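**Q** One structure follows; several queries about it will come next.
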Amino acid sequence: MLNFIGSGSAFNTQLGNTSAFIKKKDSLLLIDSGGTVFHRLRELKILEELKKIYIIITHTHPDHVGSLGEVIFYSYYILGHKPTVLFPNDELMKSFLTNIGVSQEMYLLESSFNVTFADENLGKIDINFLPVSHVETIPAYGFVMREREGVIYYSGDSNHIEDEIISKLKNGKLDRLYQDTCGLDYEGNSHMSLRKLKETIHFDLRNKVYCMHLDQHIDIEEVVHQGFQVVK
């Protein structure tokens, strides 16, 4: 399924910005590109000799798009091709990239809520974006992704899991659920606390739930003790 470059929240620099990928031969599917991500991609030599790059963006907070420009520049100038950015708000993404100096001829943009594409290495991939509850200042999205190794839900940053997603998990229509999880627990939190996650997910289903975007306050041993998985 997914490999993680980083698993931390914005301020948990020790774990790096949360970002995941699937790489098959010279094709890469990248989820989010926060400020630490490009450096890590180069460090791990993940970008070398790629011919296709697809980048899913969940929202435009810096820990999710901070190095998106660098990934696009590297693909365009060094690898010699345009990456495809997938984000359901066309106007917002174009404006953001223009304001950081990325011109529209450097990338392709897929802005539909439902995207299907076929890659010779990654196979057929279906992505269905869903609006999620995070902050009032910008739109944020999670998504259901179907690819040849299974079906996942990826929350992005969200303090709530929709009933539709819980139903899919209960009915065996999701193989894994990746959820933004934090140790801090207070009224109005824009992220999901471990307490709230425990109240939302029945114990019998927790082995399919992978906690990510971890803050400095979370107790990993307690997460595992409660039956959840932790991304690595």
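The values are calculated or read from the model by the stated rules, or taken from the named source; none is laboratory data. A quick note: this is a predicted structure, and the numbers were derived from the prediction, not measured. Glycine also receives a Cβ, built like all others from the backbone with ideal geometry; neighbour counts cover every protein chain displayed.
**Q** Assess whether Ile31 counts as being in contact with a Pro (Cβ under 6 Å, 6 or more places away or on another chain) and under 18 Å from Phe117 (Cβ atoms).
**A** Values: in contact with a Pro (Cβ under 6 Å, 6 or more places away or on another chain): no; under 18 Å from Phe117 (Cβ atoms): yes.
So Ile31 fails the test.
**Q** Pro139 - would you say it is more than 26 Å from Glu221 (Cα to Cα) and touching a Leu at 6+ places or on another chain (Cβ under 8 Å)?
**A** On the way: more than 26 Å from Glu221 (Cα to Cα): yes; touching a Leu at 6+ places or on another chain (Cβ under 8 Å): yes.
Considered against the rule, which asks whether it is more than 26 Å from Glu221 (Cα to Cα) and touching a Leu at 6+ places or on another chain (Cβ under 8 Å), Pro139 comes out as yes.
**Q** Step by step: first the residues of segment 190-232, then only those that are touching a strand residue (DSSP E or B) at 6+ places or on another chain (Cβ under 8 Å), over 20 Å from Asp163 (Cβ atoms) and of a type in the set (S, T, N, Q), then the one that is surrounded by the most Cβ atoms within 10 Å (Cβ to Cβ). Which residue is that?
**A** Per the criteria, the residue is Gln229.
**Q** Right, another one. Can you say whether Phe143 is surrounded by 15 or more Cβ atoms within 10 Å (Cβ to Cβ), in contact with a Lys or Arg (Cβ under 6 Å, 6 or more places away or on another chain) and not polar (S, T, N, Q), as far as the supplied structure shows?
**A** Criteria not met by Phe143.
**Q** Something else: Confirm whether Gly156 is on the phi > 0 side of the Ramachandran plot, over 14 Å from the mean Cα position of the chain (by Cα) and in contact (Cβ under 8 Å) with a residue 12 or more places away in the chain. Walk me through it before giving the result.
**A** Numbers: on the phi > 0 side of the Ramachandran plot: yes; over 14 Å from the mean Cα position of the chain (by Cα): no; in contact (Cβ under 8 Å) with a residue 12 or more places away in the chain: yes.
For Gly156, the condition - on the phi > 0 side of the Ramachandran plot, over 14 Å from the mean Cα position of the chain (by Cα) and in contact (Cβ under 8 Å) with a residue 12 or more places away in the chain - is not met.
**Q** Tell me, which helices (runs of 4 or more DSSP H) wholly within segment 1-107 include 2 or more residues that are crowded, with 20+ Cβ neighbours inside 10 Å, in contact (Cβ under 8 Å) with a residue 40 or more places away in the chain and not polar (S, T, N, Q)? If you could, list the steps in order and put the result at the bottom.
**A** Values: elements: 37-43, 62-65, 68-73, 90-99.
Per the criteria, 62-65.
**Q** Ok, one more. I'd like to know if segment 160-167 contains one or more residues that are of a type outside the set (A, V, I, L, M) and modelled with pLDDT under 95. Spell out the reasoning first.
**A** Of all residues in segment 160-167, those of a type outside the set (A, V, I, L, M) come to 160, 162-164, 167.
Adding the requirement that they be modelled with pLDDT under 95 leaves none.
There is no residue in segment 160-167 that is of a type outside the set (A, V, I, L, M) and modelled with pLDDT under 95.
**Q** Turning to a different aspect of this structure: What's the total number of residues in segment 124-137 that are within 16 Å of the chain's Cα centre (by Cα), surrounded by fewer than 22 Cβ atoms within 10 Å (Cβ to Cβ) and touching a residue at least 24 places away in the same chain (Cβ under 8 Å)? Spell out the reasoning first.
**A** Within segment 124-137, the first condition is being within 16 Å of the chain's Cα centre (by Cα), and the residues that meet it are 125-134.
Now drop any that are not surrounded by fewer than 22 Cβ atoms within 10 Å (Cβ to Cβ), which leaves 125-126, 128, 130-131, 133.
Narrowing further to those that are touching a residue at least 24 places away in the same chain (Cβ under 8 Å): 125, 130, 133.
Of the residues in segment 124-137, 3 are within 16 Å of the chain's Cα centre (by Cα), surrounded by fewer than 22 Cβ atoms within 10 Å (Cβ to Cβ) and touching a residue at least 24 places away in the same chain (Cβ under 8 Å).
**Q** Within segment 185-201, is there a residue that is more than 25 Å from Asp219 (Cα to Cα) and small (Gly, Ala, Ser)?
**A** Scanning segment 185-201 turns up no residue that is more than 25 Å from Asp219 (Cα to Cα) and small (Gly, Ala, Ser).
**Q** I've got another one for you. Sort out which residues of segment 146-156 are touching a Gly at 6+ places or on another chain (Cβ under 9 Å) and crowded, with 17+ Cβ neighbours inside 10 Å, and write them in order of number.
**A** Glu147, Tyr153, Tyr154, Ser155, Gly156
**Q** Between residues in segment 191-209 that are touching a residue at least 12 places away in the same chain (Cβ under 8 Å) and residues that are of a type in the set (Phe, Trp, Tyr) and not in a helix (DSSP H, G or I), which pairs lie under 6 Å by C-beta distance while being six or more apart or on different chains?
**A** Arg206/Phe228; Val209/Phe228
**Q** In segment 110-123, which residues are among the aliphatic types (A, V, I, L, M) and surrounded by fewer than 18 Cβ atoms within 10 Å (Cβ to Cβ)? Walk me through how you get there before you give the answer.
**A** Of all residues in segment 110-123, those among the aliphatic types (A, V, I, L, M) come to 115, 118, 122.
Result: Ala118, single match.
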